[in-house]
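Novice: To start, I am sharing the structure in question, which I have written as structure tokens.
Computed from the coordinates by the stated procedures, all read-outs in this text should not be read as laboratory data. These numbers come from a predicted model, not from an experiment. In this analysis, Cβ positions are derived from the backbone assuming ideal geometry, glycine residues included, and neighbour counts consider all displayed protein chains.
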Amino acid sequence: MGEKSDVWQGTLALMVLRTLETMGPLHGYGLARRIEQTSGDRLQLNYGTVYPALLKLEQEGYIRSRWGISENNRRAKFYDLTKAGHLRAKRAAAEWAQTTEILARFLAPVEES
Amino acid sequence: MRGLRAFLARLLTLIRQRNADDDFASELESHVAMHTEDGIRAGLSQEEARRRALVQIGGAEQVRQAHRDRRTLPWLESVLQDTHYAARRLRNSPGFTFAAVSILALGIGANAAIFTVFDNVLLRNLPVHDPDRLILLGENSRFETGRLNVNAAPADLTFAWPAYQALRSAGRDLCDLAAFSYGTAIVTTNGSSNYINMQLVSGNYFSLLGVQPVLGRLLTSADDQPYHASSVVILSQEYWRTRFGADPSILDRTLSINGQAFTIVGVVPHQGVFPGAPAEIFLPITLASGSLLGNYTSAGRMNVLRDPLNRWMNIVGRLSPGATQAQAEARLNTAWWNWRREALRASRDNILDKAGWLQTHLSVTSGGRGISLLAHDFGEPLRILQTMALVLLLIACANLANLLLARAARRQGEIAVRGALGATRRRVVQQLTIEGLLLGLIGAAAGLALAWLGLRALLIAVPAGHSLHSAIISGVDTNTLVFCAAVGVMTSVVFSLAPAMLSIRVDLLRALHMQNHALTMGGQRLRNLMVASEIALSCVLVAGAAVFGWNLYQLRNTNPGFATSHVLTFRVDIGRTGRNSEQFQSDLAGIDAALQGQSGVSSVAYSANGLISGWTSGGNITVAGYSASRADQITPDRDWVSPSFFSTMQIPLLVGRTFTSADTQAAEKVAIVDQAFVRHFFRGNMEAALGGQFGFGGGDNVKTDIQIIGVTLTVRATSLTSAPPVPFFYLPYAQHYGSHPSSPASFYVRTVYDPSRLAVAARSIVHRTDPALILSNLQTMQQHLSDLTYGARLVTMLSLLMGALALLLAAIGLQGLLMLAVAQRTREFGIRIALGADRTSIFAVVLALLCRVAVPGVAAGVLVGWAGVRELLHHDADLVQTPVTIFLAAGALLVAVMALAAFMPARHAVSVDPMQALRTE
């Protein structure tokens, strides 16, 4: 497990949604750290890419943002799921589960019949 | 859905948020601060922690850029930026912008205005259900009957009732046919009578067109039973609204039409199939066999529905689903030939040219546009004007392109600087394209405004109440808007791209060194070409304008052969209001006498058709002792006149006597013929003509009982065109009554003072004589003739205007080109003058420059113009041939204008101060 994987195209949004769903409101830094932790430090995450992804989700209406105070008494922008975001997170998770399951069948050792 | 939401959010940010950059900067700053704190907590130094935090976000500037790109729409932002820049540039060079916009506006405006009229007159479909499936029947035949003027032009659209019946049953499964006929009726409400347009229609007419009533019912086949037509009338919605205030209780009321009572049974949102002459009422077509139309003898009336030679109605059809026009044409032609053969068998005696009767073809044309009288009158001139307008647009485009090319040559320095500072080619092209687009859109908008103004101005030139009014007043429609916007935008894009291409080829280094001269040479050739084409095209327009101008000049100078000054004319109609012929006779005599009694009136006359009134009566005659071969079959025109007609209109009598009050119904039938008549029927022998007789109709059993008693000079009694007049004869009005109880009469009053001063008196005399009389066309004879030529005047005015604009544009283009060329060669001129060149040789250089552009331009223009003029004269038979001298004069004008355009550049060149010129380089 020496090498870290890059974040696959299109999966960052799902990670953001799931993280916010489980953790509640987070600021960008906290979110990036949390994603790394969740992956068991196996993902090579460029923290900068989190922000355009957050902006896109916000424009699409899945999350909203507001300025608040962090645990260390610092001004930070917090992101939170909207109602549409909750729905989206559930649906996207289900879709991914299905995709990985299908892929797993292809990757599984061939059974002799 | 979400994508759209995101797009809108980005669009909104573009417009609204300006401090988003700062907002994100502080978010990023807090991110880095938190990360650094965590690093310090993990044991790193402050600097190392911060460095790692920055590395981990992957470069602050890149993140900021990525965020910015995501925040708004970058491409749109650059477009907005470029638009802003382009607008500023255009504002900063007001001279260029004004010139470019005016050039485009002229080109587009002329096209929008003419296309509006063109579209309304020639392209507009009838507002009925699925107009594209409608067909019109027409007939092309070698045959000329003894009863009707055959209008040979492309196809005759009139048919006899029996032919309609035969065709309708034969074509049933391919198309349904309906019959209709146009006419004017006199409607009397509350004691006052008015002319209105009516359409006689068959019972299936409305259902065939897909018209639904807004009130009451439509006509049905029960209404148009031959000889038993119902006395019912359908009103057009427009007439119902304007005349009856959209009264909902109008149904079952009676309306007096031509003195007969009709029951109103319905109102339809339909104005007939004659655009330009909207029908106000619709009556069952078989009423034509009754006394409704008045103008027929009782025998003629009965014949309307039986006589195969009496063609009086039009046929419209609707193709069945799946059937094609060609199929319908083939089927209907078979039926048509069968019917013609049978008709020949049945009425052998009345058909003189039996072979010609069978040489016939039934044509099926698309009927979606109806039968437009305007298209007939103005179609050809409009097509020509539209072509001229398009040529003008081409000239405007060439001029604009020229202007843009010159500007591009001047802007190469700027573009090189932008390139050197790192602007991509794509961005440069985008910026130039946007500038061109902006210019095009402004030009198109200005052009549309100009078109609107132009159409308003045009309205002034059209006599009020003419149907062309509605074609103009209906305004610039969507089609035209789209067409013009497309032309404007396309022109601007194409011609702003040409300079863009030129700019891209700029060698940065050389451009920065301001070595402009070599760079502009490529553009120079293109500009020469543009100006040469402008000159060529303006040649074409000037030639066209010359043709129209000469035509109008000829028309105005045509001597009609009768007196036109000091004559007041008006038309009186008594017929169809229920009065009988004796009453009419006494009315006319009464009006005549009362007018004679007015002071300043020297003589009064009246005639049935009138002079160039649009009313004509033709028909075959048989002259005793003259046998017609088929080649020279001619149907003479005729009129019925009062005894003083010839003296009042000053038409000289060559031999014999004029009519007197003794030539009444009871006396011997007499006629006065004109010279053309004598030339045709008596080989020019007037003495022989004086003893001759003739009778109406063709065939072998004609009674030639009309005695010729005099010969007059030929006058242009029916039209002002230059075509040789057909033979003409006059009959005494008093011998007219018997067969035509109610035809209207045109009065001619000769006065010693200004005839318009008599108008009020004339009106009151007519009204006093009988309030039921309808007086119309009250005007002086000169006004009447001037109204006749207004169409030609309008067309000429417009073509002259376009010719002048074309010349102006070409001259501006030429002058601009020469000015630039002279400016570029200032140093050369300076050296030449310093070395002792005199003014003539400098002048020769400029002249050579001029010739290089103007000579090929004029040469091409003469060739194209010559072909164009030939085409024009070939197409429009109404135009008179233009003598070569007129074209030479137009050419001289062109050369003079070109010389004038070259004058200023030449003066500049000659007045170059050698010291100054050499010092500035």
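Novice: Once you put a point 7 Å from the Cα of B:Tyr626 and another 7 Å from the Cα of B:Glu238, both along the Cβ direction, what distance in nm separates them?
Specialist: Here the answer is 4.5 nm between the modelled labels.
Novice: So, one more: What ranking of B:Glu687, B:Glu238, A:Glu58 emerges when the number of other C-beta atoms within 10 Å of each C-beta is taken as an exposure proxy, fewest first?
Specialist: In increasing order of surrounding Cβ atoms, one gets B:Glu687, B:Glu238, A:Glu58.
Novice: For a paramagnetic label modelled at 7 Å from the Cα of B:Arg763 toward its Cβ, which residues of region B:597-617 fall within the zone defined by backbone nitrogen distances under 12 Å?
Specialist: none
Novice: In debye, nearest 20, what is the charge dipole magnitude of the protein assembly as shown about its Cα centre with +1 on Lys and Arg Cβ and -1 on Asp and Glu Cβ, if you could check?
Specialist: With only Lys, Arg, Asp and Glu charged at Cβ, the dipole is about 2420 debye.
Novice: Could you tell me the calculated FRET efficiency between B:Ser661 and B:Tyr553, based on Cβ-Cβ distance and R0 = 45 angstrom, to the nearest 0.05?
Specialist: 0.60
Novice: For A:Lys90, list the aspartates and glutamates whose Cα falls under 13 Å from its own Cα; do not include residues on the same chain fewer than 8 positions away.
Specialist: Of all the aspartates and glutamates, those that pass the test against A:Lys90 - Cα under 13 Å, at least 8 places apart if same chain - are A:Glu21.
Novice: Give the separation of the Cα centroids, region B:38-56 to region B:208-239, in Å.
Specialist: Distance between centres, Cα-based: 95 Å.
Novice: If you take each beta carbon of peptide B:31-38 and count the beta carbons of other chains within 10 angstrom, what is the mean?
Specialist: 5
Novice: Next up: If you count, for every residue in B:68-74, the Cβ atoms of partner chains within 10 Å of its Cβ, what is the mean?
Specialist: Across B:68-74, the average partner-chain Cβ count within 10 Å equals 2.
Novice: What's the extension gain from B:Thr840 to B:Thr184 if we count 0.36 nm per residue and subtract their Cα-Cα distance? Kindly include the intermediate steps, with their values, before the conclusion.
Specialist: Values: separation 656, 0.36 × 656 = 236.16 nm, distance 7.31 nm.
Length gained, B:Thr840 through B:Thr184: 228.9 nm.
Novice: Okay, which of region B:393-418 sit inside 11 Å, backbone N to the point 7 Å along the Cα-Cβ direction of B:Met490?
Specialist: Output list for this probe position: empty.
Novice: Sort B:Lys354, B:Lys669 by Cβ crowding within 10 Å, fewest neighbours at the top.
Specialist: Neighbour counts put them in this order, fewest first: B:Lys354, B:Lys669.
Novice: Quick check for you: which residues of region A:40-69 have the amide N under 17 Å from the point 7 Å beyond the Cα of A:Lys90 toward its beta carbon?
Specialist: Counting backbone N atoms under 17 Å from the label point, the list is A:62-63.
Novice: Cβ neighbours within 10 Å, averaged per peptide: list B:426-436, B:635-645 in order, most packed at the top.
Specialist: Top to bottom by mean Cβ count within 10 Å: B:635-645, B:426-436.
Novice: Another question, if that's okay. For peptide A:22-33, compute the average count of partner chain beta-carbon atoms within 10 Å of each residue's beta-carbon.
Specialist: What the average comes to for A:22-33 is 3.
Novice: Moving to a separate point now. Mind pulling the angle between the C-alpha long axis of helix B:790-824 and the longest principal axis of chain B? Nearest 10 degrees, somewhere in 0 to 90.
Specialist: Once rounded, one gets 20 degrees.
Novice: Just tell me which lysines come within less than 16 Å, Cα to Cα, of A:Lys56; anything on the same chain fewer than 8 places away is out.
Specialist: Correct list for A:Lys56: A:Lys77.
Novice: What order do you get for B:45-54, B:67-76 when each peptide is scored by the mean count of other beta carbon atoms within 10 Å, highest first?
Specialist: Descending mean neighbour count gives B:67-76, B:45-54.
Novice: Now for a separate question. Quick one: if you stick a label point 7 Å off each Cα along the C-beta vector at B:Leu713 and A:Thr82, how many nm between them?
Specialist: 9.2 nm
Novice: Evaluate E = 1/(1 + (r/R0)^6) for B:Thr424 and B:Ser470, where r is the Cβ-Cβ distance and R0 equals 51 Å; express this FRET efficiency to the nearest 0.05. Provide the component values of the computation, followed by the final result.
Specialist: Working: r = 55 Å, r/R0 = 1.07.
The calculated FRET efficiency here is 0.40.
Novice: In addition: What nm value, rounded to one decimal, do you get for the distance between B:Arg345 and B:Leu918 when each label is placed 7 Å out toward the C-beta?
Specialist: 10.6 nm
Novice: While we're on this one: How high is the FRET efficiency between B:Arg253 and B:Tyr227 when r is their beta carbon distance and R₀ equals 25 Å, given to the nearest 0.05? Don't jump to the answer; show the numbers that get you there.
Specialist: On the way: r = 26 Å, r/R0 = 1.03.
Efficiency computed from Cβ-Cβ geometry: 0.45.
Novice: Calculate the length of the line joining the C-alpha centroid of region B:66-99 to that of region A:13-71, in whole Å.
Specialist: 36 Å
Novice: When the Kirkwood hydrodynamic radius is evaluated over all pairs of different C-alpha atoms of chain B, what value in angstrom, to one decimal, is obtained?
Specialist: 34.1 Å
Novice: A further question follows. Only counting other Cβ atoms within 10 Å, I'd like B:Ile114, B:Ile384 sorted with the fewest neighbours first.
Specialist: Fewest-to-most Cβ neighbours within 10 Å comes out as B:Ile384, B:Ile114.
Novice: Also: Lysines near B:Lys669 by alpha-carbon distance under 20 Å, same-chain residues fewer than 8 away left out - which ones?
Specialist: B:Lys703
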